[in-house]
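Contents: one structure, followed by commentary.
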């Protein structure tokens with residue numbers, strides 16, 4: 001797969017007879033995004049399938065106070081787009097594009113850089129300065145076929161990154177998994193903590209996460225730690241470790257039935273099901289007993 005970034009005036013696309021382009025932020029590459037990508041792939045034949053995304057998120061530039069926490073890093077987004085059959089990912093620098101007119105976006109990115117023969121967007125897609133462009137603008141431009149795709153619905157409304165963030169904030173990782181089509185996963189390096197987990201018999205990988213990424217609500221979860229192609233069952237704590245008077249929110253993953261040296265490695269941690277809320281225990285002995293029960297529950301659930 002090819003990844004293009006930086007100024008789109010300088011993008012060079014591998015030679016193809018045609019390009020089918022999906023445009024959107026694609027934060028989380030959830031099932032709604034997947035339906036747009038499936039439309040682009042359908043009947044593509046020898047055409048290159050291209051996904052255009054933005055970094056940073058447009059709201060981080062135009063309205064930082066309203067910018068959402070993200071469901072994925074850019075690296076994760078690229079990997080998940082590849083898994084959806086995308087041949088080329090274009091990462092558009094939104095700071096540079098924010099002043100562009102809709103016409104400039106069409107001419108420079110879609111026509112000149114990508115040679116688009118089909119463009120697919122969600123029905124609510126807007127682009128260009130002051131959000132002046134929409135699907136009808138694309139159709140009027142001519143030169144390519146336009147698909148404005150109705151957002152995939154689930155339950156009370158369309159599947160959206162906003163709905164998934166809301167579920168995650170409530171600790172409902174099972175509900176978020178349904179909308180994402182996979183467990184929510186965070187990525188970060190394993191850093192040294194206070195080693196208390198090891199002293200009580202439950203060593204943990206302390207995963208440093210970006211403050212811009214959405215964490216599940218405080219609590220204890222069953223999930224996996226992914227490292228070097230391995231998916232390892234784990235109990236994951238998201239919280240402040242109140243038994244030890246901790247401060248700040250940390251993510252600590254205890255890998256079941258394994259003791260690994262992961263310091264300095266970048267890992268992914270995914271969340272399959274919430275086991276319980278965070279508790280303050282009267283002492284270490286009570287905490288150890290509860291972690292043991294959590295490990296057994298997670299082991300059975302993930303088997």
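We did not get these values from a lab; they are worked out from the coordinates using the rules stated. As the structure is a prediction and not an experimental result, all values here were calculated from the model. Please note: Cβ atoms are built from the backbone with ideal geometry, for glycine as well, and neighbour counts cover all protein chains shown.
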request  = Take each of the peptides 223-229, 118-124, average the number of other beta-carbon atoms within 10 Å over its residues, and list them starting from the highest.
outcome  = 118-124, 223-229
remark   = hull vol. (C-alpha, convex hull) per residue for region 87-163, Å³ -> 120 Å³
message = Given the C-alpha atoms of region 26-97, compute the convex hull and give its volume per residue in Å³.
response = 88 Å³
request  = Mind pulling the angle between the C-alpha long axis of helix 284-302 and the longest principal axis of the chain? Nearest 10 degrees, somewhere in 0 to 90.
outcome  = 50 degrees
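At 4 °C and a viscosity of 1.567 mPa s, what translational diffusion coefficient does Stokes-Einstein give for region 184-302, taking Rh as the Kirkwood radius over Cα pairs? Give it in µm²/s as a whole number.
91 µm²/s
Taking the highest mean first, how do the peptides 182-189, 57-64 order by number of other beta carbon atoms within 10 angstrom per residue?
182-189, 57-64
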note = The Cα radius of gyration of region 1-68, divided by 2.2 N^0.38 Å with N its residue count, comes to 1.29
message = Among 258-268, 76-86, 24-34, how do they line up by average Cβ neighbours within 10 Å per residue, starting with the highest?
response = 24-34, 76-86, 258-268
query = So what's the gap between the Cα centers of region 110-129 and region 228-303, to the nearest angstrom?
reply = 43 Å
ask   = When DSSP assigns beta bridges and you keep just the ones with both residues in region 87-180, what percent turn out antiparallel, to the nearest 5?
value = 40 percent
message = Only counting other Cβ atoms within 10 Å, I'd like 274, 299 sorted with the fewest neighbours first.
response = 299, 274
Rg and Dmax [Cα atoms of the chain; Å; Rg one decimal, Dmax integer] = 21.7, 70
ask   = Between 140, 250, 73, which gets the highest mean-square fluctuation from a Gaussian network model of the chain, Cα cutoff 10 Å?
value = 140
request  = For helix 31-41, report the angle its Cα long axis makes with the longest principal axis of the Cα atoms of the chain; keep it between 0 and 90° and round to the nearest 10°.
outcome  = 40 degrees
ask   = In whole Å, what three semi-axes, largest first, describe the equivalent ellipsoid of region 2-158 built from its Cα gyration tensor (square root of 5 times each eigenvalue)?
value = 21, 19, 17
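Antiparallel versus total DSSP beta bridges in the chain: what percent is that, nearest 5?
Antiparallel: roughly 60 percent of the beta bridges in the chain.
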